[in-house]
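A short write-up of the structure that comes next.
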Amino acid sequence: VIKVRALDYLLKPCAREELIAVLEDAVYLSKQDEDEAKASMQMTETEVKDEKLELMKNRVLADNIQEYLETHYMEDISLQDVAALLHYSDAYFCKFFKQNFNKSFIVYLSELRIEKAKELLSDITVNIKEIGQKVGYRDSSYFTKVFKRITGVTPSEYRYS
């Protein structure tokens with residue numbers, strides 16, 4: 001940004017003292033502008049530091065949420081449970097989750113459970129109903145429905161494919 005300011009109007013020929021006074025005013029105002037610019041830059045640097053701190057806090061919180069879900073996916077948990085555990089409102093937690101995981105809480109939890117179920121399905125000695133319960137689904141038909149929606153096949157089709 002270029003600013004043009006008139007400090008005074010000097011007529012030729014002008015007195016040396018008048019010219020010196022106007023130049024001193026110009027230097028003084030220039031230094032003031034420079035100080036303001038530096039202060040503005042410092043505010044910007046502070047804002048950048050604050051933003052970096054906020055991003056770090058969000059990353060730590062997202063990592064903690066992911067770790068919690070990895071540990072408790074087999075339990076009967078809900079968005080409300082995790083939000084309450086972290087002392088956040090349901091609305092804030094829902095928004096935070098979507099922004100940091102790029103999907104809703106329920107989609108993330110369902111996909112996590114189905115990935116764990118796929119691992120368990122490799123052991124053919126474990127019954128599919130038990131696998132559903134081990135990954136957090138109390139109702140085996142609901143487990144089959146969610147599994148098929150996510151993978152495109154039923155748990156038994158997946159097991160024998």
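Quick check: anything in the range 92-100 of a type in the set (Ser, Thr, Tyr), surrounded by fewer than 13 Cβ atoms within 10 Å (Cβ to Cβ) and farther than 20 Å from Gly136 by Cβ?
yes
Run down Ala26, Ala39, Ala21, Ala84 and say which single residue is free of Cβ contacts under 8 Å to residues at least 60 places away in the same chain, at negative phi, touching a helix residue (DSSP H, G or I) at 6+ places or on another chain (Cβ under 9 Å) and in a helix (DSSP H, G or I).
Ala84
Go through (1) outside any loop (DSSP other than H, G, I, E, B); (2) of a type in the set (Val, Ile, Thr); (3) open to solvent by 70 Å² or more (accessible area, probe 1.4 Å) one by one and return the number of the condition Thr125 breaks.
Tallying (1) outside any loop (DSSP other than H, G, I, E, B); (2) of a type in the set (Val, Ile, Thr); (3) open to solvent by 70 Å² or more (accessible area, probe 1.4 Å), Thr125 fails exactly one: (1).
Scan the range 101-121 for residues that are among the small types (Gly, Ala, Ser) and either touching a residue at least 12 places away in the same chain (Cβ under 8 Å) or buried (at least 16 other Cβ atoms within 10 Å of the Cβ) (or both) and jot them down.
Those that are among the small types (Gly, Ala, Ser) and either touching a residue at least 12 places away in the same chain (Cβ under 8 Å) or buried (at least 16 other Cβ atoms within 10 Å of the Cβ) (or both): Ser110, Ala117.
Output the residues belonging to the range 134-148 that are open to solvent by less than 70 Å² (accessible area, probe 1.4 Å), more than 13 Å from Leu121 (Cβ to Cβ) and part of a helix (DSSP H, G or I).
Once the filter is applied, which keeps residues that are open to solvent by less than 70 Å² (accessible area, probe 1.4 Å), more than 13 Å from Leu121 (Cβ to Cβ) and part of a helix (DSSP H, G or I), the range 134-148 yields Ser140, Val146.
Only one of Glu34, Glu70 is at negative phi and open to solvent by less than 90 Å² (accessible area, probe 1.4 Å). Can you tell me which?
Glu70
Would you mind stating whether Asp63 is closer than 30 Å to Leu120 by Cβ, part of a helix (DSSP H, G or I) and open to solvent by 60 Å² or more (accessible area, probe 1.4 Å)?
Criteria met by Asp63.
The values are calculated or read from the model by the stated rules, or taken from the named source; none is laboratory data. These numbers were taken from a predicted model, which means no experiment stands behind them. With ideal geometry, Cβ positions are generated from the backbone for all residues, glycine too; neighbour counts draw on all protein chains shown. These area figures cover heavy atoms from the full protein model, side chains too; ligands, DNA and RNA do not enter into them. Shrake-Rupley method; radii C 1.70, N 1.55, O 1.52, S 1.80 Å.
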